[in-house]
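To start, the structure under review is shown below, and the notes come after it.
The values are calculated or read from the model by the stated rules, or taken from the named source; none is laboratory data. Given the structure is predicted, the values throughout are model-derived calculations rather than measurements. Cβ sites come from the backbone with ideal geometry, for glycine too, and all protein chains shown count toward neighbours.
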């Protein structure tokens, strides 16, 4: 979907941004925020999601005697929009960022540490806390989180007489058995962007790969696994062009029996009544190992707006959104796992089909935990590595060596 | 203020016939008054960002700069980093191949179609209008559709080619680094043909019919007529088409982002996508500005050529 968002040429964007900044700067002096309205910047551009968000906001804002106004921009534009707002001193009271963008923002000094605002995070899962932290300080908290799992076609597996694979070797064998005619056994996204990197991480991390030392040798087997799947023709070599949405389309069309994907595909999958699917944990290198998938989702942060009172009101709204009952309801609305441990348990009990996701977020890891604000460069370098290996341009070891030098080039 | 004064000037002048000196001054004022909005607009929306972009390429400009307003100058560090980046050197070649390939393909096919449609036949106008459609579709939409058409396993193009036994195994249009740039170029040619066709068709209509009659009387064949009559008279239009085509192709971004995202394995990274990646993915606005500057420079060279040519054209005009 994100491909449909039109992105202007960067030079033009910079030019326009600068021009707008000038105008905003001139007009900014008379810009006093409405005391009765708390503003939010998020990526809920989808009408349904936007309205749902609004309902939760309204419920929480009403007792405080305020209104909440959302500004929603496409997910990949939240950062640049927020930066523009920052330089014109017009940041919203609540800024909802993708978890992987928190360090970039926190590093600028533009976010208030949550403990200074009165946001209560007791009882939240450890992985959710790490995702919103930078340099040991918590700047944002997620209401719900997601991860990746193995989604498989129950009918196709039954027909082939196989069980969902739990190890990498089993994955290769099972995928081969499931490959017939126009149907591949396995599908994943390997695009050179956030989609592809997110999908590669469970394999990279479960094998022992380290994003801070890409070339330590532990990450190569994961690259080898992906290449083997493509070389034995159990997965399409077109994976390098498929985003997560495309992978889901292939799965729905019956062109793949298993796929790596996230819970945000559940609404689409559920629309197809004759498609029987189930969720399993992502296969690990050796039997008995624990999968280490990435944790994803958006976190709510409170930007520095120099207005303590508004920050306090924003914190109260965030606290209300994170009450157990609201978290469960929100998690069910967006098919993500609540971050409050007790809410997660309730969610799992009510949605057993998505239990694998609920289990995985417990061991899931934040992408920015080790490399912090350096993550975008590491992410691009990792994407370069799996793309060059999958297209036969490089060996896994050489690709990761190259990636490490690319990730540290700017230092 | 200047503007209002200048606009009100003519009626005042017509009642009280001033001295010749005052009259000339009023004329100058009037001329500037009309030019002022355009000049101000250009300064605010082109001049300022342009200068800003050049300055930014000499600064350490990060997300932090947006909050603190501090962006220390770091000399040519950004420039050095960009020139050392293998991604940039690769993208230079890709941009060159992509631009020249696109221009050549668009122009040859556009000209062929323009010549074809300049003959009168039934439905000529209708077919010409249909051929214009690719130009009306937003670039990103075209790219998304082509991405589906060119898909290695499920794309229509491959199933057509294999069913007709033109190829034995599916062509990895977008999934092989060796083919992806060619595919992107082909898609861009498809997008650019209508523009070339329409402008060249217009140019062809301007050529006086009697020249063709004279050529026919002199016994010139079709090819000879095309070479000696059509091409020379079409030259001004050809230059315009090529220069404008170059400027819009060299900075291409949306098509590539939606089609391949610069992949696979960076094989379709162009100057446009590298600027985008540096600025908005890695958030190094200084380095992004460097590539932006280079793009502006390249475009500026061709813009000057275009202006010069246009002026020369107007000078010798009727």
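Out of B:57, B:65, which single residue is in contact with a strand residue (DSSP E or B) (Cβ under 8 Å, 6 or more places away or on another chain) and within 11 Å of chain A (Cβ to nearest Cβ)?
Values: B:57 fails: in contact with a strand residue (DSSP E or B) (Cβ under 8 Å, 6 or more places away or on another chain).
Going through B:57, B:65 in turn, the sole match is B:65.
In the set (1) modelled with pLDDT under 90; (2) farther than 27 Å from residue A:248 by Cβ, residue A:132 fails one condition alone, (1).
Of all residues in the range A:254-272, how many are assigned to a loop (DSSP other than H, G, I, E, B) and surrounded by fewer than 16 Cβ atoms within 10 Å (Cβ to Cβ)? Show your work before the answer.
Step one: of the range A:254-272, the residues assigned to a loop (DSSP other than H, G, I, E, B) are A:254-255, A:262, A:272.
From the residues that got through so far, the ones that are surrounded by fewer than 16 Cβ atoms within 10 Å (Cβ to Cβ) too are A:254, A:272.
Final tally of qualifying residues: 2.
Quick check, is residue A:130 out of contact with any strand residue (DSSP E or B) (no Cβ under 9 Å at 6 or more places or on another chain), within 30 Å of residue B:62 (Cβ to Cβ) and surrounded by fewer than 24 Cβ atoms within 10 Å (Cβ to Cβ)? Spelling it out, it is not the case that residue A:130 is out of contact with any strand residue (DSSP E or B) (no Cβ under 9 Å at 6 or more places or on another chain), within 30 Å of residue B:62 (Cβ to Cβ) and surrounded by fewer than 24 Cβ atoms within 10 Å (Cβ to Cβ).
Considering only the range B:272-282, I want to know if a residue exists there that is within 10 Å of another protein chain (Cβ to nearest Cβ), assigned to a loop (DSSP other than H, G, I, E, B) and surrounded by fewer than 24 Cβ atoms within 10 Å (Cβ to Cβ). Checked against the condition, which is being within 10 Å of another protein chain (Cβ to nearest Cβ), assigned to a loop (DSSP other than H, G, I, E, B) and surrounded by fewer than 24 Cβ atoms within 10 Å (Cβ to Cβ), the range B:272-282 yields at least one hit. Show the residue pairs that are 6+ apart or on different chains and have beta-carbon atoms under 6 Å apart, the first residue being within the range B:55-71 and assigned to a helix (DSSP H, G or I), the second being surrounded by fewer than 18 Cβ atoms within 10 Å (Cβ to Cβ). Final answer for the pair search is B:67/A:109.
Taking the criterion of being more than 10 Å from chain B (Cβ to nearest Cβ), surrounded by fewer than 20 Cβ atoms within 10 Å (Cβ to Cβ) and at positive phi, would at least one residue in the range A:388-402 satisfy it?
Looking only at the range A:388-402, we keep the residues that are more than 10 Å from chain B (Cβ to nearest Cβ), and these are A:395-398, A:400-401.
Within this subset, residues satisfying the condition of being surrounded by fewer than 20 Cβ atoms within 10 Å (Cβ to Cβ) are A:395, A:397-398, A:401.
Now drop any that are not at positive phi, which leaves none.
No - not one qualifying residue is present in the range A:388-402.
Checked across the range B:152-162, the condition of being surrounded by fewer than 16 Cβ atoms within 10 Å (Cβ to Cβ) and within 11 Å of another protein chain (Cβ to nearest Cβ) holds for at least one residue. When B:173, B:146 are screened for being within 14 Å of chain A (Cβ to nearest Cβ), buried (at least 17 other Cβ atoms within 10 Å of the Cβ) and assigned to a helix (DSSP H, G or I), only B:146 passes. Of all the residues in the range B:68-94, those that are within 11 Å of chain A (Cβ to nearest Cβ), in contact with a strand residue (DSSP E or B) (Cβ under 9 Å, 6 or more places away or on another chain) and surrounded by fewer than 13 Cβ atoms within 10 Å (Cβ to Cβ) number 0. Only residues that are surrounded by fewer than 19 Cβ atoms within 10 Å (Cβ to Cβ) and closer than 21 Å to residue A:244 by Cβ were counted in the range A:183-224, giving 1.
Can you tell me which residues in the range B:18-54 are without any contact (Cβ under 8 Å) to a residue 24 or more places away in the chain and within 8 Å of chain A (Cβ to nearest Cβ)? B:44, B:45, B:46, B:48, B:49, B:52 - these are the residues of the range B:18-54 that are without any contact (Cβ under 8 Å) to a residue 24 or more places away in the chain and within 8 Å of chain A (Cβ to nearest Cβ).
Anything in the range A:357-373 that is crowded, with 21+ Cβ neighbours inside 10 Å and part of a helix (DSSP H, G or I)? List them, or say none. So that I can check it myself, show each step before the final result.
Restricting attention to the range A:357-373, the residues satisfying the condition of being crowded, with 21+ Cβ neighbours inside 10 Å are A:357-358, A:360-361, A:364, A:366-368, A:373.
Of everything in the range A:357-373, those that are crowded, with 21+ Cβ neighbours inside 10 Å and part of a helix (DSSP H, G or I) turn out to be A:357, A:358, A:360, A:361, A:373.
Taking the conditions (1) surrounded by 13 or more Cβ atoms within 10 Å (Cβ to Cβ); (2) modelled with pLDDT of 90 or more; (3) within 12 Å of chain A (Cβ to nearest Cβ) in turn, residue B:111 satisfies each one other than (3). Just so you know, in the range A:74-115 the residues that are out of contact with any helix residue (DSSP H, G or I) (no Cβ under 8 Å at 6 or more places or on another chain) and over 25 Å from residue A:370 (Cβ atoms) include one that is farthest from the other protein chains (Cβ to nearest Cβ), and it is A:81. Consider residue B:125 against the criteria (1) without any contact (Cβ under 8 Å) to a residue 12 or more places away in the chain; (2) under 29 Å from the mean Cα position of the chain (by Cα); (3) more than 30 Å from residue B:230 (Cα to Cα): it satisfies all of them except one. Which criterion is unmet? If we test residue B:125 against (1) without any contact (Cβ under 8 Å) to a residue 12 or more places away in the chain; (2) under 29 Å from the mean Cα position of the chain (by Cα); (3) more than 30 Å from residue B:230 (Cα to Cα), just (3) comes out false. The one condition from (1) over 20 Å from residue A:105 (Cβ atoms); (2) buried (at least 24 other Cβ atoms within 10 Å of the Cβ); (3) more than 16 Å from the chain's Cα centre (by Cα) that residue A:314 does not meet is (1).
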